[in-house]
């Protein structure tokens, strides 16, 4: 049982983002492509396959009490949207430290969904840093102080094209704040089917 002393000095917060998640067959397909790199680059901090996601909006740390305000509007947004057809394709890196897989498919619809998600969050009164939307799936990060081989691995992914899959659910995800030296763990706070409402087929 965790001590409540810390909670008395600082309001409880949770790091929150809104995302889509590839289905297991699509993740397994990419994992097979990455298998050699897992063995040759163990120094990288590889994300767990079950945590792979496409972030639509990163909200940062929010008071725990703010999270329930997001649920009804996000559920309504998801119900009225079609499921974009997406695929994992190729790879790239940020500053040679962060390795990612690219996203292919219905990108116009994906960008529109991300914009509507961000508008919905702002309409709830939640203030967050609005970063440019660059669809990708983060695979690994270099440890602090290490020189990364992310660029080398990304080149090996250049010819990869995964199967198409429908993005079936909109996920509201929480993560532990964690220390830079430790793993980050994600958990679904809630997830809603896309296109579950009457307007989805219009």
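The values are calculated or read from the model by the stated rules, or taken from the named source; none is laboratory data. The structure presented is a predicted model; accordingly, all values stated were derived computationally and were not measured. Ideal geometry is used to build each Cβ from the backbone, glycine not excepted, and the neighbour counts take in all protein chains shown.
The set of residues in region 65-98 being touching a strand residue (DSSP E or B) at 6+ places or on another chain (Cβ under 7 Å), over 27 Å from residue 140 (Cα atoms) and without any contact (Cβ under 8 Å) to a residue 60 or more places away in the chain is empty.
Residue 193 passes every criterion in (1) surrounded by fewer than 14 Cβ atoms within 10 Å (Cβ to Cβ); (2) modelled with pLDDT of 95 or more apart from (1).
Of the listed requirements (1) in a loop (DSSP other than H, G, I, E, B); (2) in contact with a strand residue (DSSP E or B) (Cβ under 8 Å, 6 or more places away or on another chain); (3) closer than 30 Å to residue 42 by Cβ, residue 101 misses just one: (1).
Just wondering, is there one or more residues in region 117-124 that are free of Cβ contacts under 8 Å to residues at least 24 places away in the same chain, surrounded by fewer than 16 Cβ atoms within 10 Å (Cβ to Cβ) and farther than 19 Å from residue 32 by Cβ?
Just the residues of region 117-124 that are free of Cβ contacts under 8 Å to residues at least 24 places away in the same chain, to begin with: 119, 122.
Now narrow it down to the ones that are surrounded by fewer than 16 Cβ atoms within 10 Å (Cβ to Cβ): 119, 122.
With the extra rule that they be farther than 19 Å from residue 32 by Cβ, the set shrinks to 119, 122.
Looking for residues that are free of Cβ contacts under 8 Å to residues at least 24 places away in the same chain, surrounded by fewer than 16 Cβ atoms within 10 Å (Cβ to Cβ) and farther than 19 Å from residue 32 by Cβ, one finds at least one in region 117-124, hence yes.
Residue count for region 161-190 satisfying the condition of being touching a strand residue (DSSP E or B) at 6+ places or on another chain (Cβ under 6 Å), at pLDDT 90 or above and assigned to a loop (DSSP other than H, G, I, E, B): 3.
Could you please find all residues in region 95-108 being over 25 Å from residue 28 (Cβ atoms) and surrounded by fewer than 17 Cβ atoms within 10 Å (Cβ to Cβ)?
Within region 95-108, the first condition is being over 25 Å from residue 28 (Cβ atoms), and the residues that meet it are 95-97, 108.
Hits for region 95-108 are 95, 96, 108.
Residues that are outside any strand (DSSP E or B), at pLDDT below 95 and under 23 Å from residue 133 (Cα atoms) are absent from region 28-37. Count of region 45-78 residues, restricted to those that are closer than 22 Å to residue 123 by Cα and in contact with a helix residue (DSSP H, G or I) (Cβ under 7 Å, 6 or more places away or on another chain), is 7.
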